[in-house]
């Protein structure tokens, strides 16, 4: 009986590992969570997303410079996390994990 339970646990852990995000996305998710836990960085992130919303699809050099400056304030770890979404399939496990972390972070903005 003990072996059956152990085999079940091992099988479940194997499945969970297969569904986990890739190391790149896992690092991005951790970075996004860290920003959400830091009041100063969270404010900068919220300011950046607000500036992006205000700019919309317009070609505005001033808005672009502001957004770039705010992104640089968030640091290279944030830029790497932001760029991790490039080419990501929203329906993949990585896409779902990334989008959930981004939604959680954006949900902390007023």
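Looking only at the range 24-51, residues that are more than 10 Å from residue 74 (Cβ to Cβ), under 9 Å from the mean Cα position of the chain (by Cα) and crowded, with 17+ Cβ neighbours inside 10 Å come to 4 in all. Pairs meeting the criteria (first residue in the range 43-72 and closer than 24 Å to residue 104 by Cβ, second residue at pLDDT 90 or above and not in a helix (DSSP H, G or I), beta carbons under 6 Å, at least 6 apart or on different chains) are 46/109.
Can you tell me which residue in the range 82-107 is surrounded by the most Cβ atoms within 10 Å (Cβ to Cβ), limited to those that are assigned to a loop (DSSP other than H, G, I, E, B) and touching a residue at least 60 places away in the same chain (Cβ under 8 Å)? Filtering the range 82-107 for residues that are assigned to a loop (DSSP other than H, G, I, E, B) and touching a residue at least 60 places away in the same chain (Cβ under 8 Å), the one surrounded by the most Cβ atoms within 10 Å (Cβ to Cβ) comes out as 84. If you go through the range 72-81 and keep only what is more than 14 Å from the chain's Cα centre (by Cα) and either crowded, with 17+ Cβ neighbours inside 10 Å or at pLDDT below 95 (or both), you end up with nothing.
Within the range 56-81, how many residues are outside any helix (DSSP H, G or I) and more than 24 Å from residue 21 (Cα to Cα)? Here the count works out to 5.
Take residue 50 and tell me if it is at pLDDT 95 or above and not in a helix (DSSP H, G or I). I'd like the intermediate steps shown before the answer.
Details: at pLDDT 95 or above: yes; not in a helix (DSSP H, G or I): no.
Answer is no for this residue.
The values are calculated or read from the model by the stated rules, or taken from the named source; none is laboratory data. Given the structure is predicted, the values throughout are model-derived calculations rather than measurements. Counting neighbours? That spans all protein chains shown, and the Cβs are built from the backbone with ideal geometry, glycine included.
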